[in-house]
Amino acid sequence: MVAHADTRVVHRGGSKINFRAPVITQDSRFLICVSGECIKVFSTSTEECIHHLQGHKELVTGLVLNPSNHLQVFSCSEDGTIRLWDFTDGILIRTYNVRRRILSMHVSAKGDVFLVMPVKRNKKEKFGLVSLNLPPSVEQHVMVKGHTIVFQSVSTDPKCIAFGQGGEYVASVKDNVLHVYFLNKKTFYRFALGTSGEMAARNAFTCVACHPKDDCIATGHGDGKIRLWRNFNQEKEYTFSTVHWHHSGVNALCFTPEGTNLLSGGLESVLVQWRYGQEGQKDFLPRLGSSIKEIVVSPDGSLFCTSHTDNKITVIKNCTKVSAVIQGLVHGDGVKTALMVDPRTKALVLNGKPGHLQFYSLQRDQQLYNLDIVQQEYINQSNLDQFEVVKAALDSRGSWLATVEQRSAKEVEISLKLWAFDEHTQSFVLNTTISAPHDGPISEICFSPSSQNSTTLVSVSLDGHFKAWQLTQPDPSDDEEASWSCDFVGDYHSLEPKCCCFSADGSLLAVSFKEVVTVWSPASWDLLTTLSQPPGAIQDLCFGRLSCSKYLLGATDKNLCCWNLLTCSLEWSTALDVSLLLADPLSENVAAFCGAEKTTDLFVFRPSEPRPHFSQQALCTGRVTRAVFAPRDEPLDGCEESSQWLNRSQLYFLTHNMELLTFLTKPEEERLMALSKQPTIDDSVAMTPFYLLLGKHRKRQEEERDILSSQSGVRNLLPQGSVAIKELLHTPSHVLPSTSILCSMFVSSLLVSVSDSRDEEQPTEVEMESEKEEEDSEEEGASVPPRPEHESSDTGAKLGPVLTKAEHRELRGVKKLDYSWIRGLVTSNPVVNTTKQMVKTPKQRVKTPKPMAKTPKPMVKTPKPMVKTTKPMVETTNP
Amino acid sequence: MGEFKVHRVRFFDYMPSAISAMAFNVHTERLAVARADGTVEIYNFADNCFQEKVIPGKDGRTVEALCWAGQRLFSTGLNGEIVEYDLENLRSKYTVEAYGGPVWTISSNSQGTQLAVGCEDGTVKIFELVEDSIQFQSNFDRLKSRVLSLSWHPSGTQIAAGTMDMIRVFNVTTGHATQRMMVDRAAGANKKKEVAVWSVVFLSDNTVISGDSAGKVQVWDSQMGTLIRTHLVTKWDVMALAVSRDESSLLAGTSEGSVVQFQFISARLDQPDKEWQRTRTLRSHSHDVRALVHTDTAAVSGGNDAHLVVRPFMEKVVKGSKESAPCKITFPHRSLVSCGKKAGILLFQFPERLEVWRLGETHCVYACSLQGDDHICCSTLSPCGGWLAYASASSVRLFQLQYDNDSIALTKVKLPKVLRWANQLCFSADSSRLFASFSQSSVLVFALSKSEAKYVHTLKPKSGETTAVHLMSTSDDGQWLATANSDCEVHVYNLKKLKYHCTVPVYGSCPSAMAIHPTGSNVVMVHADQKYSLEQKEYTEWSRSLAKKGLHGSWLNRVAPVTHVSFSASNPDYIILHDMNMFCIIDKSLPLPEKDSDLCNQNQLRSMNEAARVKDSHAFKICEMFKNLLCVGLMEDHSLVVVERPLLDIATRLPAPVRQKKFAT
């Protein structure tokens, strides 16, 4: 990954917590699970995330409790390290460097560590199970050398390997074969299921589990059967029994610690509990929400834990009751809606469970709530066409939500729903349902950003029309609420419209019809102008913001065009295969994701300026089609120049395999590291009466001291003395510690009043802050009217000493003469083209005052050497 | 071979009767199967599960239990009698009244000296086996309810008896009960219903295993009288249990039609203490499994859906061998249909009646039902369609058929008194003679004239004691008669001289079909293990080359035996034969199929391209278009009659099963 020095593409929030099976600690109080590059420790009772264990540089691929110390956990990662953590304190204890990609990790009952890693064999990369000796050491970083290969070809899924009965043997399944290897005797048995016939296609092994006491191996199969293998130390006389309840593949199997029960789960989202030895009797825990991926049982057998495909971990108490649900960002098969940010909660809004929209708080990395859009029972069955939420839009204040649901059974069924935000219940309430709003699928919907009460929704459909919907107030005589109705139906030469976009102030609406962009006035619904840049149909449209609001950007599958709406002419265009255009609502910046062959490049630029602020090649593999600028709560400062575009908002984007990625700047990273290094409040200390009495006060004192010393009063605490005295007096004397200990504490508790003067100040400060916040939020809510002068003065102020306009311009010219930045970009052709053509455009504008239909000619000319063309530009900019 | 006009006959509504009991003789590898109509069939497991003998049943005789004592076969039923069968002449030898009401079960000790029967009145009676008879010996302590199941301890000193709600263990010498083990009733609504212990098994380590009507398989310690382990197998009944000879595997048949296997294995590897673990579930029946046998290599099950299913255990057999193929026997291995070649009429044989149908008509032309209790054991129609004969255990009847336009009138023709019963009947090709096989492979010859039959001669084989004839065939020119019996002997008689001609060298497998070549005076025999030989005092060239080359592997691996052989009238080189699943025409002039090539059927050949078709074509022209064949006959006018009995039709006429397999339950 080509990285700028100070920005890094990271998983920040919303990563998969169901990637590997979670680990329940010995005392059943914590649940440890992988989450992208970090490890999260949750409390099993409160669902709260207690620690983020950060340190791995790549995806974490395995977690196991340290067999010799149950307060420590091993994690392995694709970065080739195994790390040992103290999860109660969240401290990294040791790093073992294996220097090879690790895909999963296992520990046998004897305490031997096994890894799955790539093994070269016949030049083909295969994965092998490798046994490893972790050298005892006190150093922080340990190099691990030497390993022995146990198995040559294993599945990378940790479910497919299990260690049996005291670590005597290991069972591994892959495709249609079960291998059992006795570690001591070094004997090897292979049991294959039939591979021919129509039944055999589905009976491949999916998972394996070993009975903790008996010699019995349970295997799950693709056709829903569970086989219990016995006598597997014989080549021929082995035997197995079959039980069958699941109708499709068994995803997870797990024996309870005593071996009395076998748990299984699959697509049906039902946890099945089989009695071992009496497999006819079984119990069910149905309606777990979505299909089960993994099952884990706590060491004492009281807690079950299932992880689900919708990035959820369910904690089940006493085999019967769901006691906690830890929900991550739901990664569906594909996000059909655009990514949005809810202005009220600052939550990311996107498709969640089938038929739902999820509101996900990225700051807290937690799902806020799900909104049921379709309001129909979801039937978990393949080949069944169900209603799906395909489009959604939020208006700029977050008071209206528009959704489009679609089902393509035989003919397309569409309905458009409008949801009003209800202040009372703090959620969205269905206001209007419009069934069949269009004859064809809706390709885009958007709200006008106008700040008045009446907002307009525009829906664009493949049936050749776009419709504007408005909230109509009913007669006062009727009791009915206000509802939405169609205000205008527009079309253009019966071409298929593709996308639409409102300008930032809501005064213009651009709708693309194949190659033509039409610009309408939403006030009168007049067609103002058409813009065109053949060849290629417009794929995406976007208005510039703030000072660049006179520009309209359009992306065809080959070109990126920028029109000046004042002159109605093409300002510049460049050959780029843009998959997504996105304007930052708080700055002029526009982000363009360009799909190269397999990877995606990102360019961030201002429409008025021809050179990008920021570009990153090979951002990720696959096309990026969903991204969003999430406004920051407070602008970031201290960034270097190349990452200044991230000051006001953060850019999140979804890769094609549903990973949510974002950019992390250096200052942010430093801040996070600082946060994680802070000793966190330890809630795992035993709750003795002594602790209750002393620990609490001591902590408070420490906090107070912190406040005093740093003078960064977050929140003032009330004087504590009286409470301490009260508690001291009200506690029975026989549980109190000796008086000598209490005495100093008591005295110090009386000495609080020293910092009184500051304490008085602080509340006012807090008030001021809150006022500021309110102002901020108002500004954000009020759909940000374009304030070009304001903004430019802002930037000017940031640049340092105030310059005159002419000086400023000169400086820019000089900057452009400095070609050093080209060197960095020379490697990538599209960018070079961009600059060339951008440079050319002023000339072209002079030549052809009305370029709309004729423009392409200069564009296709072969590029000229750079140095020549830049000269006239200097002339034009420096008259 | 060209094309045929095919009469596809599906109106023969033959219903196989439910299997009620089975017994396996380990030493001779013979399986005795009793059906609900009283028929007892003997299958030879050493010879590809061929149905060697059929003893026809009798009205009012039901068979509840079967047992072998040495070479002798006994059965009991709800009429309260113990029957011993004459396996040579295929009839019941004698019956003994048990005087205890209906008899539910019979069991012999492993030494073969004593029989124990369990009666409705709660008594267990011991009979002693004496030469040619059995003799009552003693009564055990009388129980309160009927004795449903019995099992001897291998030492012969103890008997476990399953009754209602209880299992009792008896000491054989004293006749007193030594243990009493109460069986739990089913939970819930069936709490008041008493539990029937349908089956018990007494193992040599003094373990008793029981299967009951509450769906449990329970393991008991008979010395302590305590329950060791309960396996709940089904919600309905466990009807039958069977244990392997080494007592390491147990089968339980349920009313759901599944057979559950239990194995005696240790929970921890390398540790000696073993327990009974449920392992496999075999589902091969749609209805109750009433009878089970655990042979060394296979599970044999039969039940109300009338199929006899042999499921081999894969770990006990060599993969790909003939034994490893599962086998389902539905139809008897002998012809129930006879064709009147010239007249175009068909005769269908049912246990209690006969039906005559004329081709091209949609209704039965004539149906005659049997007088007397005994069931029909064989029937035949003369090639001209003018004569009809059938035999039961007590009588042989001959009829002359007269055709009016639509209907057929039968007139009875008196047979000489010599013939009291017959195993097999056969008309000569010109319908002038009737051959009836009698005891010890002898054949009686009758001359038929207009209205009477005259005894002519008795043909006897040279070798002395032999078993009953099950196949008979005459040549078209009327010169030869061949008979085959279950000792695998084939005798040929010269009819012109009315004397014994020769015996075909004995081959190890029983012939399942036989015919004499119309012109070449050769005998074609198809053996149960799918081999062939031709004979005219010595094997012909073709059969020698066949014997030398061996038959194709996939032909040998066919499960169903060939049940009929005939010849094409137009081209004597063609041999037509069929089994349950296909019919085949063998062209002797074409090369035999190569060992390593695929044995293609005609459909596969048709789909190939020209070159491959020429390359792959061989003497065996197999047609698998018709399924569940009972008969394929070639008529005089070159049309083919195919009598099918679709299994689905049989299944729909069975009563509803207790439970249908539902999705994901």
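Return only the number of the condition from (1) farther than 23 Å from A:Val107 by Cβ; (2) assigned to a strand (DSSP E or B) that A:Phe42 does not satisfy.
(1)
Could you check, for the range A:184-197, whether at least one of its residues is over 28 Å from B:Leu250 (Cβ atoms), within 34 Å of the chain's Cα centre (by Cα), surrounded by fewer than 17 Cβ atoms within 10 Å (Cβ to Cβ) and away from chain B (no Cβ under 14 Å)?
No, the range A:184-197 contains no residue that is over 28 Å from B:Leu250 (Cβ atoms), within 34 Å of the chain's Cα centre (by Cα), surrounded by fewer than 17 Cβ atoms within 10 Å (Cβ to Cβ) and away from chain B (no Cβ under 14 Å).
Table: residues versus (1) more than 26 Å from the chain's Cα centre (by Cα); (2) more than 14 Å from chain B (Cβ to nearest Cβ); (3) among the acidic types (Asp, Glu).
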site: A:Leu267; (1), (2), (3): no, no, no
site: A:Val272; (1), (2), (3): yes, no, no
site: A:Glu279; (1), (2), (3): yes, no, yes
site: A:Leu285; (1), (2), (3): yes, yes, no
site: A:Ser290; (1), (2), (3): no, yes, no
site: A:Pro299; (1), (2), (3): yes, yes, no
site: A:Cys305; (1), (2), (3): no, yes, no
site: A:Asn311; (1), (2), (3): no, yes, no
site: A:Val315; (1), (2), (3): no, yes, no
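I'd like the residue in the range A:139-164 that is in contact with a Cys (Cβ under 9 Å, 6 or more places away or on another chain) and surrounded by 19 or more Cβ atoms within 10 Å (Cβ to Cβ) and, out of all such residues, is farthest from A:Arg230 (Cα to Cα). I'd like the intermediate steps shown before the answer.
Kept after step one, since they are in contact with a Cys (Cβ under 9 Å, 6 or more places away or on another chain), are these residues of the range A:139-164: A:154, A:157, A:159-160, A:162-164.
Among the residues that remain, those that are also surrounded by 19 or more Cβ atoms within 10 Å (Cβ to Cβ) are: A:154, A:159-160, A:162-164.
Values: A:Val154: 22, A:Lys159: 20, A:Cys160: 18, A:Ala162: 15, A:Phe163: 15, A:Gly164: 12 Å.
Once the filter is applied, the top-ranked residue is A:Val154.
Checking the condition outside any strand (DSSP E or B) and modelled with pLDDT under 90, which residue from B:Arg146, B:Arg185 passes? Quick ask: steps written out before the conclusion?
On the way: B:Arg146 fails: modelled with pLDDT under 90.
Every option except B:Arg185 fails the conditions.
Scan the range A:238-273 residue by residue and report those that are acidic (Asp, Glu) and in contact with a Ser or Thr (Cβ under 8 Å, 6 or more places away or on another chain). Can you show your working first?
First, the residues of the range A:238-273 that are acidic (Asp, Glu): A:258, A:268.
Within the range A:238-273, just A:Glu268 meets the criteria.
Being among the aromatic types (Phe, Trp, Tyr), within 31 Å of the chain's Cα centre (by Cα) and surrounded by 22 or more Cβ atoms within 10 Å (Cβ to Cβ) is the filter here; which residues of the range B:141-200 pass it? Quick ask: steps written out before the conclusion?
Filtering the range B:141-200 down to residues among the aromatic types (Phe, Trp, Tyr) leaves B:152, B:170, B:198.
From what is left, the residues that are within 31 Å of the chain's Cα centre (by Cα) are B:152, B:198.
If the condition is that a residue be among the aromatic types (Phe, Trp, Tyr), within 31 Å of the chain's Cα centre (by Cα) and surrounded by 22 or more Cβ atoms within 10 Å (Cβ to Cβ), then B:Trp198 is the only one that fits.
Table: residues versus (1) in a loop (DSSP other than H, G, I, E, B); (2) in contact (Cβ under 8 Å) with a residue 40 or more places away in the chain; (3) surrounded by fewer than 24 Cβ atoms within 10 Å (Cβ to Cβ).
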residue	(1), (2), (3)
B:Leu250	no, yes, no
B:Phe262	no, yes, no
B:Arg268	yes, no, yes
B:Arg280	no, no, yes
B:Asp296	yes, yes, yes
B:Ser301	no, yes, no
B:Arg311	no, yes, yes
B:Met314	yes, no, yes
B:Phe331	yes, yes, yes
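Here is a yes/no grid of residues against (1) more than 18 Å from B:Gly215 (Cβ to Cβ); (2) within 14 Å of another protein chain (Cβ to nearest Cβ); (3) among the hydrophobic types (A, V, I, L, M, F, W, C):
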| site | (1), (2), (3) |
| --- | --- |
| B:Val243 | yes, no, yes |
| B:Ser258 | no, yes, no |
| B:Arg268 | yes, yes, no |
| B:His287 | no, no, no |
| B:His307 | yes, no, no |
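Out of the range A:153-175, which residues are of a type in the set (S, T, N, Q) and closer than 24 Å to A:Phe19 by Cα? Quick ask: steps written out before the conclusion?
The initial filter retains those residues of the range A:153-175 that are of a type in the set (S, T, N, Q), namely A:153, A:155-156, A:165, A:172.
Result: A:Ser153, A:Ser155, A:Thr156, A:Ser172.
Any idea which residue in the range A:527-572 is surrounded by the fewest Cβ atoms within 10 Å (Cβ to Cβ), counting only those that are small (Gly, Ala, Ser) and part of a strand (DSSP E or B)? Reasoning before the result, please.
First, the residues of the range A:527-572 that are small (Gly, Ala, Ser): A:532, A:536-537, A:544, A:547, A:549, A:554-555, A:569.
Within this subset, residues satisfying the condition of being part of a strand (DSSP E or B) are A:532, A:554-555, A:569.
Numbers: A:Ser532: 20, A:Gly554: 28, A:Ala555: 25, A:Ser569: 18.
Looking at the filtered set, the residue picked out is A:Ser569.
When the range A:212-229 is examined, which residues are found to be within 20 Å of A:Gly194 (Cα to Cα) and assigned to a loop (DSSP other than H, G, I, E, B)?
Going through the range A:212-229, the residues within 20 Å of A:Gly194 (Cα to Cα) turn out to be A:217-229.
Once the filter is applied, which keeps residues that are within 20 Å of A:Gly194 (Cα to Cα) and assigned to a loop (DSSP other than H, G, I, E, B), the range A:212-229 yields A:Gly222, A:Asp223, A:Gly224.
Quick one: which residue in B:Lys93, B:Lys53 is in a strand (DSSP E or B), in contact (Cβ under 8 Å) with a residue 60 or more places away in the chain and under 25 Å from B:Val469 (Cβ atoms)? Full working, then the answer.
Numbers: B:Lys93 fails: in contact (Cβ under 8 Å) with a residue 60 or more places away in the chain.
Just a single option satisfies the conditions, and that option is B:Lys53.
With the structure loaded, tell me whether A:Lys353 is among the charged types (D, E, K, R), assigned to a loop (DSSP other than H, G, I, E, B) and surrounded by 15 or more Cβ atoms within 10 Å (Cβ to Cβ) or whether it fails that test. Before you say what the answer is, go through the steps one by one.
Values: among the charged types (D, E, K, R): yes; assigned to a loop (DSSP other than H, G, I, E, B): yes; surrounded by 15 or more Cβ atoms within 10 Å (Cβ to Cβ): yes.
Considered against the rule, which asks whether it is among the charged types (D, E, K, R), assigned to a loop (DSSP other than H, G, I, E, B) and surrounded by 15 or more Cβ atoms within 10 Å (Cβ to Cβ), A:Lys353 comes out as yes.
Looking for whichever is under 19 Å from the mean Cα position of the chain (by Cα) and either of a type in the set (Ser, Thr, Tyr) or under 27 Å from B:Asp37 (Cα atoms) (or both) here; the options are B:Asp237, B:Asp305. Which one fits? Even if it seems obvious, please write down each step before you answer.
Values: B:Asp237 fails: under 19 Å from the mean Cα position of the chain (by Cα).
When all the criteria are applied, what remains is B:Asp305.
B:Pro272 is checked against (1) touching a strand residue (DSSP E or B) at 6+ places or on another chain (Cβ under 8 Å); (2) part of a loop (DSSP other than H, G, I, E, B); (3) away from chain A (no Cβ under 14 Å); (4) not polar (S, T, N, Q) and fails just one. What number does that condition carry?
Condition (3) is where B:Pro272 drops out.
So, in the range B:359-377, exactly how many residues are among the charged types (D, E, K, R) and at pLDDT below 80?
2
For residues that are in contact (Cβ under 8 Å) with a residue 40 or more places away in the chain, of a type in the set (S, T, N, Q) and within 11 Å of another protein chain (Cβ to nearest Cβ), tally how many sit in the range A:199-233.
Within the range A:199-233, residues that are in contact (Cβ under 8 Å) with a residue 40 or more places away in the chain, of a type in the set (S, T, N, Q) and within 11 Å of another protein chain (Cβ to nearest Cβ) number 1.
The values are calculated or read from the model by the stated rules, or taken from the named source; none is laboratory data. Bear in mind the structure is a predicted one, so any value in this text is a computation, not a measurement. Positions of Cβ are generated from backbone atoms using ideal geometry, with glycine treated the same way; all protein chains shown enter the neighbour counts.
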